[in-house]
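Undergrad: Have a look at this one.
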Amino acid sequence: MGHQFHISLPCRHIEATRKFYTKIIGAAMGRSSQLWLDINLYGHQITFTKSGKFSFDYPSYSFEKTVLPSFHFGIILPAAEWDPLYKRMKEEEFLYIDETHFLAQKPGEHKSFFLRDPNGYIIEFKCFAKPESIFES
């Protein structure tokens with residue numbers, strides 16, 4: 001893997017966040033304390049810091065007739081990992097937005113599904129038809 005990404009986000013519930021990322025998604029735990037935890041999401045570090053109550057407004061936007069939250073983060077996976085994860089999330093009814101296909105027959109063609117974590121963050125899981133087209137315009 002090339003460079004790794006890190007993001008730090010406020011967290012309402014440390015234990016619920018730990019369970020969601022490790023037990024539901026299957027991510028690995030990194031270091032942690034009672035006030036924060038690190039999650040290894042496919043080699044990228046997300047730090048959740050206990051902050052109590054917080055709020056932010058985020059409008060939605062429309063992309064190819066699908067309404068999406070403008071504030072979200074995600075991971076790009078190959079089909080061999082995306083497909084079984086999607087199937088498991090659908091069976092366990094964890095989907096926030098079901099499988100959606102974008103940019104059919106165009107550069108950047110991909111499918112996505114979205115989950116909502118216990119803090120209200122939206123996570124997008126993308127799978128590109130042609131991985132080399134991630135940044136094509």
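Undergrad: From (1) at pLDDT 90 or above; (2) under 22 Å from Ser112 (Cβ atoms); (3) not in a strand (DSSP E or B), pick out the condition that doesn't hold for Tyr58.
TA: For Tyr58, the exception is condition (1).
Undergrad: Please tell me if Tyr86 is closer than 30 Å to Arg12 by Cα and not in a strand (DSSP E or B).
TA: yes
Undergrad: Here is a check on your reading of the model: is Leu95 assigned by TED's automatic domain parsing to the domain that holds Phe125, surrounded by 14 or more Cβ atoms within 10 Å (Cβ to Cβ), at pLDDT 90 or above and under 15 Å from the mean Cα position of the chain (by Cα)?
TA: Numbers: assigned by TED's automatic domain parsing to the domain that holds Phe125: yes; surrounded by 14 or more Cβ atoms within 10 Å (Cβ to Cβ): yes; at pLDDT 90 or above: yes; under 15 Å from the mean Cα position of the chain (by Cα): yes.
Yes: the conditions hold for Leu95.
Undergrad: To continue, here is another question. Does the stretch 101-126 hold any residues that are in a strand (DSSP E or B), touching a residue at least 12 places away in the same chain (Cβ under 8 Å) and over 12 Å from the mean Cα position of the chain (by Cα), and which are they?
TA: Of the stretch 101-126, the ones in a strand (DSSP E or B) are 101-102, 110-116, 122-126.
Adding the requirement that they be touching a residue at least 12 places away in the same chain (Cβ under 8 Å) leaves 102, 110-116, 122-126.
Matches in the stretch 101-126: Phe102, His110, Lys111.
Undergrad: If we keep just the residues of the stretch 111-122 that are touching a helix residue (DSSP H, G or I) at 6+ places or on another chain (Cβ under 8 Å), at pLDDT 95 or above and not charged (D, E, K, R), which is nearest to Phe94 (Cα to Cα)?
TA: Top of the filtered list is Leu115.
Undergrad: Any residue in the stretch 9-17 that is among the basic types (Lys, Arg) and either assigned to a strand (DSSP E or B) or surrounded by fewer than 15 Cβ atoms within 10 Å (Cβ to Cβ) (or both)?
TA: Checked the stretch 9-17: no residue is among the basic types (Lys, Arg) and either assigned to a strand (DSSP E or B) or surrounded by fewer than 15 Cβ atoms within 10 Å (Cβ to Cβ) (or both).
Undergrad: A further question follows. Out of (1) closer than 21 Å to Leu95 by Cα; (2) at pLDDT below 90, the odd one out for Lys50 is which?
TA: For Lys50, the failing item is (1).
Undergrad: Would you point out which residue out of Ala16, Ala104, Ala27 is among the small types (Gly, Ala, Ser) and within 19 Å of Gln4 (Cα to Cα)?
TA: Ala27
The values are calculated or read from the model by the stated rules, or taken from the named source; none is laboratory data. Computed from a prediction, not measured in an experiment: that's the story for all the values here. Counting neighbours? That spans all protein chains shown, and the Cβs are built from the backbone with ideal geometry, glycine included.
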